[in-house]
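Visitor: Let me give you the structure first, and then I'll get to my questions.
The values are calculated or read from the model by the stated rules, or taken from the named source; none is laboratory data. Since we're looking at a predicted model, the values are computed, not measured. Positions of Cβ are backbone-derived with ideal geometry, glycine not excepted, and every protein chain shown enters the neighbour counts.
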Amino acid sequence: MTDPLNLTPGDARDALAAWLAARGEPAYRTRQILPRLWIRPVGSWDQTTELPAALRRDLEVSFPLRRLTLTARQVSADGTEKYLWDLGDGEAIESVLIPEGKRRTLCISSQVGCALGCVFCATGRMGFRRNLTAAEIAGQVREVVLLDPALMPTNVVFMGMGEPLLNWDAVDSALTILNNSDGFGIGARHITVSTVGILPALAKLAGRPEQFRLAVSLHAPTPDQRHALMPIEKKYPLPQVMGALKQFRRRVTLEYVLIGGTNDGLEHADRLAELARPLGALVNLLPLHPGGAPDLTPSPRTQMLAFERRLKRHGVEAVLRRSRGLDISAACGQLRVELEARRRKVHSQEHAGVE
Ligand code: SF4
């Protein structure tokens, strides 16, 4: 029994071809079956009515299609959609679809929870549960397409739960599934891996020939301040991360979440400009999502605009992002954290009732 969705398209083709040949099936069956994995996906082999019934039944046994189960779907007034997927082992992950004109960006998770404990992040507070498989990572795109083919993402960002470069092997395969023409066929420039800067895996990502985009979560312009917000600074210090980015040979985006009275001063913008300018990096300024960190306050809008202007005055390209899906808790990890809190509340109410 092989989970074909956990293989890269090339490996899936080889596995199917070998299995079909052993059954004495004609070679064209591979060309019929392979597109049903990702290009025109099916929820189960029953739905491949172009195949003989006996073959469909045997595919169910030998190449079962493992699904993610949708357990919550929230649609925001601004069109942002958030999905919570059950993984079948008591764990859950989420993805967020952000429509913008003709573009539909799906923000996907790479781990259940996260070990890195950034202070402004709801997922960080959950702690690390487990890595996702390649099938579970790319499966978030597949399930959205199965919900409605018109929602097929044009862009994918690894900015959901987890640190993708701490799950490199699965992310490596998932990138191939997303990009390959026998997979989802999403252009490499439309796929962004967002990381805090895990140096060994950053080198592996840089070594891939495709032009995948890289976003690095900076969130503070000095090592001390970054350490106060992101404990990973201790292991992979800012100067080393910046050194690695200089070797990357592709334009990078620096992510910077603006936290009121913490990292949003103009002196921070000056220091940030010193880091961004030599790289020619784009700086993405992100408002702190109000539900993401109860102890921190978002930067006031006037301050965010002043910060953006200051960067631009230094010749740095900067974009102040809107916080999307404010009404549906669309920051990473928030839906899951919210549902767990609700579950705990129900549980304690039930418990109180029993007592
Ligand atoms: S911001 Fe990213 S790396 Fe930091 S705790 Fe959250 S998920 Fe992990």
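Visitor: Give me the pairs: first residue in the range 111-129 and farther than 24 Å from THR262 by Cα and in the same structural domain as PRO287 (by TED's automatic domain parsing), second residue within 6 Å of the ligand (Cβ to nearest atom) and part of a helix (DSSP H, G or I), beta-carbon distance under 8 Å, and six or more apart or on different chains, which are they?
Guide: Short answer, once both residue conditions are applied: GLY113/THR123.
Visitor: Can we say VAL171 is surrounded by fewer than 22 Cβ atoms within 10 Å (Cβ to Cβ) and within 16 Å of the ligand (Cβ to nearest atom)? Before you say what the answer is, go through the steps one by one.
Guide: Values: surrounded by fewer than 22 Cβ atoms within 10 Å (Cβ to Cβ): no; within 16 Å of the ligand (Cβ to nearest atom): yes.
So VAL171 does not fit the description; no.
Visitor: Within the range 177-222, track down each residue that is more than 16 Å from the ligand (Cβ to nearest atom), touching a Phe, Trp or Tyr at 6+ places or on another chain (Cβ under 6 Å) and in contact (Cβ under 8 Å) with a residue 60 or more places away in the chain.
Guide: GLY183, PHE184 - these are the residues of the range 177-222 that are more than 16 Å from the ligand (Cβ to nearest atom), touching a Phe, Trp or Tyr at 6+ places or on another chain (Cβ under 6 Å) and in contact (Cβ under 8 Å) with a residue 60 or more places away in the chain.
Visitor: Select from the range 15-72 the residues that are of a type in the set (Val, Ile, Thr) and assigned to a helix (DSSP H, G or I) and list them in ascending order. Spell out how you get there, then give the answer.
Guide: Step one: of the range 15-72, the residues of a type in the set (Val, Ile, Thr) are 30, 33, 39, 42, 48-49, 61, 69, 71.
Across the range 15-72, the qualifying residues are THR30, ILE33, VAL61.
So that you can scan it fast, the table gives a plain yes or no per residue for (1) over 28 Å from the mean Cα position of the chain (by Cα); (2) within 26 Å of PRO164 (Cα to Cα); (3) modelled with pLDDT of 95 or more:
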position: ARG31; (1), (2), (3): yes, no, yes
position: GLN47; (1), (2), (3): yes, no, yes
position: LEU51; (1), (2), (3): yes, no, yes
position: ARG56; (1), (2), (3): yes, no, yes
position: LEU70; (1), (2), (3): no, yes, yes
position: TRP85; (1), (2), (3): no, yes, yes
position: GLU100; (1), (2), (3): no, yes, no
position: SER109; (1), (2), (3): no, yes, yes
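Visitor: Scan the range 93-117 for residues that are within 15 Å of the ligand (Cβ to nearest atom) and hydrophobic (A, V, I, L, M, F, W, C) and jot them down.
Guide: Applying the first criterion (within 15 Å of the ligand (Cβ to nearest atom)) to the range 93-117 yields 93-96, 107-117.
If the condition is that a residue be within 15 Å of the ligand (Cβ to nearest atom) and hydrophobic (A, V, I, L, M, F, W, C), then ILE93, VAL96, CYS107, ILE108, VAL112, CYS114, ALA115, LEU116 are the ones that fit.
Visitor: Further question on the same structure: Would the range 154-168 turn up any residue that is away from the ligand (no atom under 16 Å from the Cβ) and surrounded by fewer than 24 Cβ atoms within 10 Å (Cβ to Cβ)?
Guide: We begin by selecting, within the range 154-168, every residue away from the ligand (no atom under 16 Å from the Cβ); these are 154-156.
From the residues that got through so far, the ones that are surrounded by fewer than 24 Cβ atoms within 10 Å (Cβ to Cβ) too are 154-155.
Scanning the range 154-168 turns up at least one residue that is away from the ligand (no atom under 16 Å from the Cβ) and surrounded by fewer than 24 Cβ atoms within 10 Å (Cβ to Cβ).
Visitor: Looking at PHE128, PHE63, which one is among the hydrophobic types (A, V, I, L, M, F, W, C) and either out of contact with any helix residue (DSSP H, G or I) (no Cβ under 7 Å at 6 or more places or on another chain) or surrounded by fewer than 17 Cβ atoms within 10 Å (Cβ to Cβ) (or both)? Talk me through it step by step, then tell me what you get.
Guide: Working: PHE63 fails: either out of contact with any helix residue (DSSP H, G or I) (no Cβ under 7 Å at 6 or more places or on another chain) or surrounded by fewer than 17 Cβ atoms within 10 Å (Cβ to Cβ) (or both).
None of the other options fit; the residue is PHE128.
Visitor: Determine whether the range 66-79 contains at least one residue that is within 16 Å of the ligand (Cβ to nearest atom), closer than 30 Å to ASP14 by Cβ and touching a residue at least 12 places away in the same chain (Cβ under 8 Å).
Guide: Our first condition is that a residue be within 16 Å of the ligand (Cβ to nearest atom); within the range 66-79, this holds for none.
There is no residue in the range 66-79 that is within 16 Å of the ligand (Cβ to nearest atom), closer than 30 Å to ASP14 by Cβ and touching a residue at least 12 places away in the same chain (Cβ under 8 Å).
Visitor: Is it the case that some residue within the range 127-143 is more than 21 Å from ASP3 (Cβ to Cβ) and within 16 Å of the ligand (Cβ to nearest atom)?
Guide: As a first pass, look at the range 127-143 and keep what is more than 21 Å from ASP3 (Cβ to Cβ): 127-128.
Still in the list and also within 16 Å of the ligand (Cβ to nearest atom): 127-128.
Yes, the range 127-143 contains at least one residue that is more than 21 Å from ASP3 (Cβ to Cβ) and within 16 Å of the ligand (Cβ to nearest atom).
Visitor: Give the residue that is nearest to the ligand (Cβ to nearest atom), with candidates limited to residues of the range 224-264 that are closer than 14 Å to PHE120 by Cα and surrounded by fewer than 18 Cβ atoms within 10 Å (Cβ to Cβ).
Guide: Going through the qualifying residues, I end up with PRO231.
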